[in-house]
Amino acid sequence: MPQAWDLTKTAGAQTVAVLDTGIDAGHPDLAGRVLAGRNEIQPGTTPNDNNGHGTMTAGIIGANTNNGAGVAGVAWNVKILPVKVLDSSGSGPDSVIIAGINWAANNGARVINMSLGGDGDDSLLHDAVKAAVAKGVVVVAAAGNTGVNVPHFPASYPEVLSVAATDNNGALTSFSTQGDWVDIAAPGWNIISTGPRGLTPAGYLPYWTNSGTSFSAPMVAGVAALLRNKFPSYTPAQIMDRLKSTARDAGPRGLDPFYGAGILDAYNALGGAWAPEFWSAGPDGNDVPARATAITGSSITGATGIEGDVDWYKITSAAARSVAINVTSPTYDWLNRAQNFAPVVKVYDKDLQQIGGDEVASEPENPEPVTASVNVNLVAGDNYISVRNYNGSRDSRAYTVSYADSSAGPAAFDHTWVQNSSVPEYSTGVALSVKPVITSATDLSPASVIDSTVRLLNGKTGAVVPSTAEYAADTKQITITPTADLLDNTPYRISVSGVQETGGATGENFTSVFRTVDNAPGAVTGFDATGAYTTAALSWTLPGLTDLDQVVVRGAAGTTPPASPTAGTAYAAGATTSGTATGLANATSYAFSAWVKDRSGKYSATAATTQLIGSSTSLTADKSIIDFGGGVTLGGKVTRIDTHAALAGVPISLYGRDKNGTVWREITRKTTAADGTFSVVGYAPSVSTVFAWGYNGSADLLGSRTGNFTVEVRPTITSNVSPATIKLGATTNFYGYVRPQHAGSPVYLQRLSGSTWSTITSTKLNTTGNYAFAIKPTAKGTYTYRVVFQADADHATAVSPAKSFTVN
């Protein structure tokens, strides 16, 4: 969350409804966060929390953040709408929960969190969820704490974002309910949050600790609120998809019934960079009977290294005999350990007919190992034992399988059919051209081995991979043939369901997960650059891969592209199909290279390259200073810098800015002649102007600019003297006007003495740009005067014509 908060620290006006046991709205760490809400257990009363569960849930979502006290809520400043649907024991009927959903959806909730549920489906409950989603509400629910693969409602409804629980290391907890309906996982072990003040023992602060998917769901709900604020146009389905598509994969690669799409990554969901997948164990070598580990003594040890792991062992007996098989777990400590091992044991004969098992050790009250025991009648030859964890979680600690002679076991009663799979479970580095083969222990009905019963699925998206399934009766083998090579570094899942044996029985469902080889990614195609002035627009088409990290674009001046992803200058990087190179030098060619980098750090073996040839633009002018109203002719030529060939028929723009201004404007646009030349004749600027010609580039050429050229504009000043002859002691007038008008600007009256002009006085131009001076000489003679306008921000210094008069 801290990294996510670097991207956004507000949920804006988003409201999260907490359907729970109520909330202690007066809790100091929830001050300002909790709205009035509703009590559906006792309508008409306030939704106070008389259990503690709801206040904890609310604190995870929206406890005041960065306030130096207590805990930090996920959604920073979100509004929480308490809807009490559970009583003091944490229970509530579906009818009350339905009423709570309807009320929340009609009273401003944009996200609903339900840290509640059970194993009973209710069509009316489902209808209420669908109605809320149709109103734009994101519905989040806890997956449940049963630790088994049993649907939990409302979490298992497809419109609901179902959340499993991990420990603080990102490993699934033993209590987290499993199923293909699980969407995402988040921490749910020893979570600290706000607790009701009235239920907190004296002397303790009102903060509680608890574990469960109940405390994973509100983390996801809080991030959903942040997403709703950042992407207000997103639908609930789009919010769910973004949370799942940005989750960090954990457990079996790709979608799985334990973590769903993976573990919540708030930073990535809100626009930050992706983080690496969580660690996952590879194949352990005993995933099917054909690869069963032989027990050569009286015991052997093993471990479940990944969620859902099933280990196979083999006892080869010289003769039929009765034995007791015991599987003993490491210490089972449900209070202090997030993962524990409860062994489930099945025993099969050489034909995979089940001859004993389905034993599950019961959970102990105190920390101690637990044992599942099975009495079976072994057959002469190979016998098989399957061992798995009842709750599906992983536990790297060793369990022990042992056996000894005992009394007779039960008669054979069931069987399994998969003897071997050519691709071991959890394999990595599988060839893209793989054709998985599944070997059956019994004869199958060829008519039941079809594309709808034997499928290959993309493990990340769940999409069916086009393929064909064929059964060879003589070898009892099913071959899955994809219609095209698989994608690189991608999880896939073999899924078999509904295959029938020749006797009519339907075989057990079979799934197996593997990952393809992580090859270096292919290069981008269609890499191209379009030139502009000091910039280039870059575009490309991505290769087909699912683990794209970024496209790295490097460039260098000249026509030789960079030879490695670290050479030259970085101009673009990201998981996009376009970029912009900026800061390019004027009148310079550039060459670019693009590499694809995948998430494992591999670069494409070859780089795509492109280049832009530089251009050169010149400027000529027939004068550098003009009188106001006069014109200047500006021209020049555009050429390639490599061959110096003229660029004919290309657009060229004349830009200008006021001499003391900063904003450039396009004055006019011309098209170059056959020899690359261009001109504007008699352009009359009204103020002193800095000019530059600019060629803006093309699909093959970079643009260029000329140097700046300043044309000064002098105002025009008229001058008059009247009368031209006066008597000593009389006054004459020296007057005129300045164009353009400069109302309020000073003009200076100067007198010629010998060869020197001296300033006598000054005045300010009136509103029409006129001036007038009254002159009263003190001696007889001939006098010559003029008026000077001194340069300002817009115009150059100008001098009026000199005028003379005589004093008699």
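For the stretch 778-808, which positions are within 17 Å of Thr732 (Cβ to Cβ), touching a strand residue (DSSP E or B) at 6+ places or on another chain (Cβ under 8 Å) and surrounded by fewer than 18 Cβ atoms within 10 Å (Cβ to Cβ)?
Ala779, Lys780, Gly781, Thr782, Thr784, Pro801, Ala802, Ser804, Thr806, Asn808, listed by residue number.
Among the residues of the stretch 98-105, are any at pLDDT 95 or above, surrounded by fewer than 24 Cβ atoms within 10 Å (Cβ to Cβ) and β-branched (Val, Ile, Thr)?
Yes, the stretch 98-105 has at least one match.
Could you list, in sequence order, all residues of the stretch 595-644 that are aliphatic (A, V, I, L, M), touching a strand residue (DSSP E or B) at 6+ places or on another chain (Cβ under 6 Å) and assigned to a loop (DSSP other than H, G, I, E, B)?
Once the filter is applied, which keeps residues that are aliphatic (A, V, I, L, M), touching a strand residue (DSSP E or B) at 6+ places or on another chain (Cβ under 6 Å) and assigned to a loop (DSSP other than H, G, I, E, B), the stretch 595-644 yields Ala607, Leu619, Ile641.
Conditions: (1) over 30 Å from Gly260 (Cα atoms); (2) part of a loop (DSSP other than H, G, I, E, B); (3) not acidic (Asp, Glu). Asn383 meets all but one. Number of the miss?
It fails just one condition, (2).
Which numbered condition trips up Pro232, out of (1) in a helix (DSSP H, G or I); (2) surrounded by fewer than 21 Cβ atoms within 10 Å (Cβ to Cβ)?
Answer for Pro232: the failing condition is (1).
Taking the stretch 655-685, which residues are in contact with an Asp or Glu (Cβ under 8 Å, 6 or more places away or on another chain) and either of a type outside the set (Phe, Trp, Tyr) or not in a strand (DSSP E or B) (or both)?
Scanning the stretch 655-685 gives Asp658, Lys659, Asn660.
Just name the residue that is farthest from Ser686 (Cα to Cα) out of those in the stretch 643-658 that are crowded, with 17+ Cβ neighbours inside 10 Å and hydroxyl-bearing (Ser, Thr, Tyr).
Residue satisfying both the conditions and the ranking: Ser653.
Can you list residue pairs whose Cβ atoms sit under 6 Å apart, with the first residue in the stretch 9-38 being under 16 Å from Thr194 (Cβ atoms) and not assigned by TED's automatic domain parsing to the domain that holds Ala99 and the second being outside any loop (DSSP other than H, G, I, E, B) and among the hydroxyl-bearing types (Ser, Thr, Tyr)? Count only pairs 6 or more apart in sequence or on different chains.
Short answer, once both residue conditions are applied: none.
Suppose we keep only residues that are of a type in the set (A, V, I, L, M) and buried (at least 23 other Cβ atoms within 10 Å of the Cβ) within the stretch 138-148. Which one would you say is farthest from Ser176 (Cα to Cα)?
Among those that are of a type in the set (A, V, I, L, M) and buried (at least 23 other Cβ atoms within 10 Å of the Cβ), it is Val138.
If you take the residues of the stretch 616-642 that are more than 46 Å from the chain's Cα centre (by Cα) and of a type in the set (Gly, Ala, Ser), which of them is surrounded by the most Cβ atoms within 10 Å (Cβ to Cβ)?
Gly636
For Phe773, are the conditions met, namely being under 22 Å from Pro723 (Cα atoms) and in contact with a strand residue (DSSP E or B) (Cβ under 6 Å, 6 or more places away or on another chain)?
yes
List the pairs whose first member sits in the stretch 99-124 and is part of a strand (DSSP E or B), whose second member is modelled with pLDDT under 95, and whose Cβ atoms are under 8 Å apart, counting only residues at least 6 apart or on separate chains?
none
Restricting the first residue to the stretch 163-174 and requiring it to be modelled with pLDDT of 95 or more, which pairs with a second residue that is in a strand (DSSP E or B) and surrounded by fewer than 24 Cβ atoms within 10 Å (Cβ to Cβ) meet a Cβ separation below 6 Å and a spacing of at least six or different chains?
Thr166/Pro187
Hey, among Asn489, Asn458, which residue is surrounded by 20 or more Cβ atoms within 10 Å (Cβ to Cβ) and polar (S, T, N, Q)?
Asn489
Can you name the residue in the stretch 363-395 that is within 44 Å of the chain's Cα centre (by Cα) and among the small types (Gly, Ala, Ser) and is also surrounded by the most Cβ atoms within 10 Å (Cβ to Cβ) among such residues?
Ser393
Residues in the stretch 42-55: is at least one part of a helix (DSSP H, G or I) and more than 18 Å from Pro206 (Cα to Cα)?
no
Among the listed residues Ser615, Ser679, which satisfies the condition of being within 30 Å of Ala791 (Cα to Cα), modelled with pLDDT of 95 or more and among the small types (Gly, Ala, Ser)?
Ser679
Which is of a type in the set (Ser, Thr, Tyr), under 30 Å from the mean Cα position of the chain (by Cα) and either at pLDDT 95 or above or surrounded by fewer than 21 Cβ atoms within 10 Å (Cβ to Cβ) (or both), of Thr525, Thr502?
It is Thr525.
Restricting attention to the stretch 725-755, and to residues there that are among the hydroxyl-bearing types (Ser, Thr, Tyr) and more than 22 Å from Ala796 (Cβ to Cβ), which single residue is surrounded by the most Cβ atoms within 10 Å (Cβ to Cβ)?
That would be Thr732.
In the stretch 343-369, how many residues are out of contact with any Asp or Glu (no Cβ under 7 Å at 6 or more places or on another chain) and more than 22 Å from Pro410 (Cβ to Cβ)?
Final tally of qualifying residues: 6.
One line per residue, one yes/no per condition, for (1) among the acidic types (Asp, Glu); (2) surrounded by fewer than 16 Cβ atoms within 10 Å (Cβ to Cβ); (3) modelled with pLDDT under 95:
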position	(1), (2), (3)
Ile295	no, no, no
Ser298	no, yes, yes
Gly302	no, no, no
Ile306	no, no, no
Trp312	no, no, no
Thr316	no, yes, no
Pro330	no, no, no
Gln339	no, no, no
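Go through the stretch 154-165 and give me each residue that's within 28 Å of Val344 (Cβ to Cβ) and buried (at least 24 other Cβ atoms within 10 Å of the Cβ).
Listed by number, the residues that qualify are Ala155, Ser162, Val163, Ala164, Ala165.
Does Ala605 satisfy being farther than 24 Å from Gly271 by Cα, out of contact with any Lys or Arg (no Cβ under 9 Å at 6 or more places or on another chain) and either at pLDDT below 95 or of a type outside the set (Asp, Glu) (or both)?
yes
The values are calculated or read from the model by the stated rules, or taken from the named source; none is laboratory data. Remember, predicted model here, so these are calculated numbers, not experimental data. Positions of Cβ are generated from backbone atoms using ideal geometry, with glycine treated the same way; all protein chains shown enter the neighbour counts.
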